[in-house]
Amino acid sequence: MPLYDMLLCVQYAGIALMLFMCAYILKKWKRPLHGWLFFYCAATLINNAGYLAHMLSRTEEASILSNQFCYLGRVWIPFSLFQFVLILCDKRFRPWISNSLALLHAATYAVVLFPQTNGLYYSSMSFSEEGLFPHIVHTNGIWHIAYDLVIIMYIVYGTWSLLKAIGKAAEGKKRKQLVLILMAIVSDSAFFIMQIIDVIPGYDTTVFGYTIATLFLYLAVFRYDILGAKELARDFIMENVAEGVIVSDENGNVADFNKSALRIFPEIETTPHDALVLLDRLIAENRTLDIDGRKFTPKEKTLTDNKKTAGKVYLLADDTAHFARTETLIREMMTALSKTVDAKDHYTNGHSQRVALYAREIARRLGKSDEEQEMIYEAGLLHDIGKIGVSEEIINKTSRLTDEEFAAIKTHTVTGWNILRQISAVPELALGARHHHERYDGRGYPDGLSGESIPESARIICVADCYDAMTSTRTYSKPKEQSVVRAEIERCAGSQFDPAAAEAMLSMIDDDKEYRMNEGGGWGRE
């Protein structure tokens, strides 16, 4: 029969086309999109080969066996095409949903393997020699009906996703690709409907529909390079760079992210909107994303398409090593500067280092955070930086200072403040330098501040500075006994010293049974 011969030719042509497509995709395989398209073509190949055997069968047993072979591919055609469309439209399902759908298709094939015993897929079956060729006549069971509803869901959701993606896409290659994929879905759907209403008695028109759909996919692949270098390069960069890459659309929704981003910042999958808000805030405030002791610098780049904003790309660069090197360099520079100051006074070598250590321990005992303790340590290192501007003759003078000389000494607080206020990121450095000689009762210098109007870091440094002055060799005095020092700090708590800082210093003295806190030691190790 001419129609029968024509349909046989369609089957042979479809098989040849599927073989070619599978070989081509295998050669170009680089990313998940290729995998799902290969899955679709391989499933269609098995389906077409099985249905060809079904058309050539002449007995009931041969028809049943060929039908079972046919379904080995058929149950996976809609699933693989649906997954292909989701990726193409930048859609994501939670893994458990995709896994559940895969189990449904696997279970459907298991049901088809035993059609005459379970009555789920086919409620009744018989063999007919009427029509174009001998074939199985059946009545759909409840599983078959439910499975058809799942396919309809695929068609509706896939069509809606493609139409939405086409609406967003600018004119050009991407839009034409999507239109071709939509036409593949439409052709599959049309022949699925024709099979339901039995347009050609005895012939399953979906087989022809799958072949037509593959032609549209073929055009998308070859004519518009859907598997081309540009897309491959994009995915290669996304998945192989060490930095986290996150893409948002024009509405501020997460559109894509790579494995590095998910590993660094898992919130991007669980609470994507909140994650993007956090990244935007960190970028605006020029801050890092701190996770598990590592520092990531977030950056963003606006995506444009025909001068219209199409979204953003966020990059999470691991700058942990860079910040560590920077902090080490800053610490070494601070230490070098403090030693430069101490070197002007032959009797106070190591003074700034010891004050910094004492101040950090006072801060710890006052319940300050690790970050605050380090900041106070750094302020302690540089509290006397202004002495660079004071004459060595005055600093090292062994006799009593004149009023003019003492006034020159006092200028080191303001000089230090003028130097350090240029470091705007850490204002406490300048405040510590300016105010560490203020007194709690307001009789200090340079500004006569009192009580809590004195910056807390300066109040802490004041106690540490005075303790070291009393326990070190100076041009005008020798180290005092620790009991004498303790009594002096206790006496001056509330007048010269902040009571809380003084109390912390007293507890340190009480813990120092061997009098290690002096010019030959310090508190702990740096």
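Per the conditions (1) modelled with pLDDT of 85 or more; (2) assigned to a strand (DSSP E or B), the sole criterion not satisfied by Ala255 is (1).
Among the residues of the stretch 183-206, is there at least one that is more than 30 Å from Val137 (Cβ to Cβ), among the polar types (S, T, N, Q), in contact with a Gly (Cβ under 9 Å, 6 or more places away or on another chain) and at pLDDT 85 or above? Taking every residue of the stretch 183-206 in turn, none turns out to be more than 30 Å from Val137 (Cβ to Cβ), among the polar types (S, T, N, Q), in contact with a Gly (Cβ under 9 Å, 6 or more places away or on another chain) and at pLDDT 85 or above. Scan the stretch 484-517 residue by residue and report those that are among the small types (Gly, Ala, Ser) and either over 18 Å from Gly442 (Cβ atoms) or not in a helix (DSSP H, G or I) (or both). Correct list: Ala487, Ala493, Gly494, Ser495, Ala504, Ser507.
Yes or no: the stretch 388-408 includes at least one residue that is of a type outside the set (Lys, Arg), closer than 30 Å to Gly244 by Cβ and part of a loop (DSSP other than H, G, I, E, B). Let's see the steps before the verdict.
The initial filter retains those residues of the stretch 388-408 that are of a type outside the set (Lys, Arg), namely 388-396, 398-399, 401-408.
Still in the running and closer than 30 Å to Gly244 by Cβ: none.
Looking through the stretch 388-408, none of the residues is of a type outside the set (Lys, Arg), closer than 30 Å to Gly244 by Cβ and part of a loop (DSSP other than H, G, I, E, B).
Checking Gln353 against (1) crowded, with 17+ Cβ neighbours inside 10 Å; (2) more than 30 Å from Glu503 (Cβ to Cβ); (3) of a type outside the set (Phe, Trp, Tyr): exactly one of these is not met. Which one? Every listed condition holds for Gln353 apart from (2). Look at Ile409 and say whether it is buried (at least 16 other Cβ atoms within 10 Å of the Cβ), at pLDDT 85 or above and closer than 19 Å to His351 by Cβ. Yes, satisfied.
Selection of the stretch 44-70 for residues being out of contact with any Lys or Arg (no Cβ under 7 Å at 6 or more places or on another chain) and under 14 Å from Tyr210 (Cβ atoms) yields Thr44, Leu45, Ile46, Asn48, Ala49, Gly50, Tyr51, Leu52, Cys70.
Please go through the stretch 419-430 and give me each residue that is open to solvent by less than 70 Å² (accessible area, probe 1.4 Å), touching a residue at least 24 places away in the same chain (Cβ under 8 Å) and in a helix (DSSP H, G or I), ordered by number. Hits for the stretch 419-430 are Leu420, Glu428, Leu429. Residue count for the stretch 356-384 under the criterion of being open to solvent by 50 Å² or more (accessible area, probe 1.4 Å) and either assigned to a helix (DSSP H, G or I) or among the aromatic types (Phe, Trp, Tyr) (or both): the result is 6.
Does His54 count as in contact with a Gly (Cβ under 6 Å, 6 or more places away or on another chain) and closer than 16 Å to Gln195 by Cβ? Walk me through it before giving the result.
Working: in contact with a Gly (Cβ under 6 Å, 6 or more places away or on another chain): no; closer than 16 Å to Gln195 by Cβ: yes.
Against the criterion (in contact with a Gly (Cβ under 6 Å, 6 or more places away or on another chain) and closer than 16 Å to Gln195 by Cβ), His54 does not qualify.
Kindly state which strands (runs of 3 or more DSSP E) lie completely within the stretch 274-341 and contain at least 2 residues that are modelled with pLDDT of 80 or more, in contact with a Leu (Cβ under 9 Å, 6 or more places away or on another chain) and of a type outside the set (Asp, Glu).
Details: elements: 289-291, 294-305, 308-318.
Hits in the stretch 274-341: 294-305, 308-318.
Residue by residue, here is whether (1) farther than 20 Å from Lys339 by Cβ; (2) among the small types (Gly, Ala, Ser); (3) touching a residue at least 60 places away in the same chain (Cβ under 8 Å) holds:
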site	(1), (2), (3)
Ala379	no, yes, yes
Ser399	yes, yes, no
Glu405	yes, no, no
Gly432	no, yes, no
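The selection criterion, being open to solvent by 50 Å² or more (accessible area, probe 1.4 Å) and touching a residue at least 12 places away in the same chain (Cβ under 8 Å), does not hold for Lys387. Could you tell me whether the stretch 129-144 includes any residue that is charged (D, E, K, R), assigned to a loop (DSSP other than H, G, I, E, B) and modelled with pLDDT under 90? Looking through the stretch 129-144, at least one residue is charged (D, E, K, R), assigned to a loop (DSSP other than H, G, I, E, B) and modelled with pLDDT under 90.
Could you check, for the stretch 309-329, whether at least one of its residues is open to solvent by 70 Å² or more (accessible area, probe 1.4 Å), free of Cβ contacts under 8 Å to residues at least 12 places away in the same chain and of a type in the set (A, V, I, L, M)? Checked the stretch 309-329: at least one residue is open to solvent by 70 Å² or more (accessible area, probe 1.4 Å), free of Cβ contacts under 8 Å to residues at least 12 places away in the same chain and of a type in the set (A, V, I, L, M).
Against the condition under 33 Å from the mean Cα position of the chain (by Cα), over 21 Å from Gly73 (Cβ atoms) and either among the charged types (D, E, K, R) or assigned to a helix (DSSP H, G or I) (or both), how does Ile181 come out, does it pass? No.
Considered as a group, the residues in the stretch 138-166 that are closer than 25 Å to Ser248 by Cβ and open to solvent by 60 Å² or more (accessible area, probe 1.4 Å) include one that is nearest to the chain's Cα centre (by Cα), and that residue is Lys164.
Against the condition part of a loop (DSSP other than H, G, I, E, B), under 28 Å from Ala407 (Cβ atoms) and either under 43 Å from the mean Cα position of the chain (by Cα) or of a type in the set (A, V, I, L, M, F, W, C) (or both), how does Leu449 come out, does it pass? Show your work before the answer.
Numbers: part of a loop (DSSP other than H, G, I, E, B): yes; under 28 Å from Ala407 (Cβ atoms): yes; either under 43 Å from the mean Cα position of the chain (by Cα) or of a type in the set (A, V, I, L, M, F, W, C) (or both): yes.
Considered against the rule, which asks whether it is part of a loop (DSSP other than H, G, I, E, B), under 28 Å from Ala407 (Cβ atoms) and either under 43 Å from the mean Cα position of the chain (by Cα) or of a type in the set (A, V, I, L, M, F, W, C) (or both), Leu449 comes out as yes.
The values are calculated or read from the model by the stated rules, or taken from the named source; none is laboratory data. Everything numeric in this text was worked out from a predicted model, so none of it was measured. Please note: Cβ atoms are built from the backbone with ideal geometry, for glycine as well, and neighbour counts cover all protein chains shown. The protein model used for the area step is the full one, side chains on, heavy atoms only, and it has no ligands, DNA or RNA in it. Shrake-Rupley method; radii C 1.70, N 1.55, O 1.52, S 1.80 Å.
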